[in-house]
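The values are calculated or read from the model by the stated rules, or taken from the named source; none is laboratory data. Just so you know, these numbers come straight off a predicted model, no measurement behind them. Heads up, the Cβs are rebuilt from the backbone with ideal geometry, glycines too, and the neighbour counts pull from every protein chain shown. Areas reflect the complete protein model, heavy atoms only, side chains present, ligands, DNA and RNA absent. Shrake-Rupley method; radii C 1.70, N 1.55, O 1.52, S 1.80 Å.
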Amino acid sequence: MRDRFGAVLTASVSVLIVEAVIGALALAVREQTYENPGLPYNPMAVLLLIVVAPLLAVAGAVVGALLSVGLVMPVLVTAAWLGRRLAGREAWWWVPATAATVTAPPVVLAEVGPMPRLGLWLGMTAALAVTALVAAGCCCRAARGSPAARCSVG
C-alpha cells in the first residue's frame, strides 16, 4: 500500500509541476502580445531570481503535494468507488467525469462571464483529469509490481 501511495504522490506532483510550467510559459507568451510599458532593465531582479528560484521550486513541490493529497487522490478514490457501485467495475472514464464534477462548484462561484467561466471549468477539469489519470496508471503499475502492467483505471 505504501508503494502505491508513493507512486501516486510522485506522479501527480510531477504532472502538476509540468502543468504549472506549461501554464507559466503560456502566460509569458500572452504577456508578449501586450505593448511594452518601457520598464528599465534591472540587474538586481536577475540576481534576486537566481536566489529565489530554488525556494520557489520547493514551495511549488509543497503546493503540488498538498494538491495531490487534497484533490487528486480523493478524485481517484471517488472515481473508483463510483465505477464499482454504478457500473460494477472501474473504468478510466470515471476519472474525468469525477474531475468535472469536482471542479464545477468553484467555477460556478467565480464572478466572471459565461465564456470565461466555461474556459476556466474546462481548463481546471483537464488539468485535474490528466493528473489523476497519470497517477492512476502509476498506482496500477505499482500495485502489480511491473512497470508495464495494465490496469482498468489507467
| note | Given (1) open to solvent by less than 60 Å² (accessible area, probe 1.4 Å); (2) farther than 27 Å from GLY137 by Cβ, SER12 misses just (2)
| field | Tally of residues being more than 15 Å from THR131 (Cβ to Cβ) and among the β-branched types (Val, Ile, Thr) across segment 88-120 | value | 4
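Looking for whichever is at pLDDT below 90 and small (Gly, Ala, Ser) here; the options are GLY119, GLY113, GLY123. Which one fits?
GLY113
Here is a list: ALA135, ALA100. Which entry is in a helix (DSSP H, G or I) and at pLDDT 90 or above?
The match here is ALA100.
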| query | Only one of ALA53, ALA91, ALA79, ALA59 is surrounded by 14 or more Cβ atoms within 10 Å (Cβ to Cβ) and not in a loop (DSSP other than H, G, I, E, B); which? | reply | ALA79
| note | Pairing a residue in segment 65-90 that is closer than 16 Å to THR101 by Cα with any residue that is of a type outside the set (Gly, Ala, Ser) and not in a helix (DSSP H, G or I), where Cβ atoms lie under 8 Å and the two sit 6 or more apart in sequence or on different chains, gives LEU76/VAL153; ALA79/GLU90; ALA79/VAL153; ALA80/GLU90; ALA80/VAL153; GLY83/ARG89; GLY83/GLU90; GLY83/VAL153
| task | Run ALA148 past the list (1) of a type in the set (A, V, I, L, M); (2) open to solvent by less than 70 Å² (accessible area, probe 1.4 Å); (3) at pLDDT below 85 and report the number of the one that doesn't hold. | result | (2)
| query | Can we say LEU120 is closer than 25 Å to SER14 by Cβ and either in contact with a strand residue (DSSP E or B) (Cβ under 6 Å, 6 or more places away or on another chain) or in contact (Cβ under 8 Å) with a residue 40 or more places away in the chain (or both)? | reply | no
| field | Meets criteria (open to solvent by 50 Å² or more (accessible area, probe 1.4 Å) and in contact with a Cys (Cβ under 8 Å, 6 or more places away or on another chain)) for ARG4 | value | yes
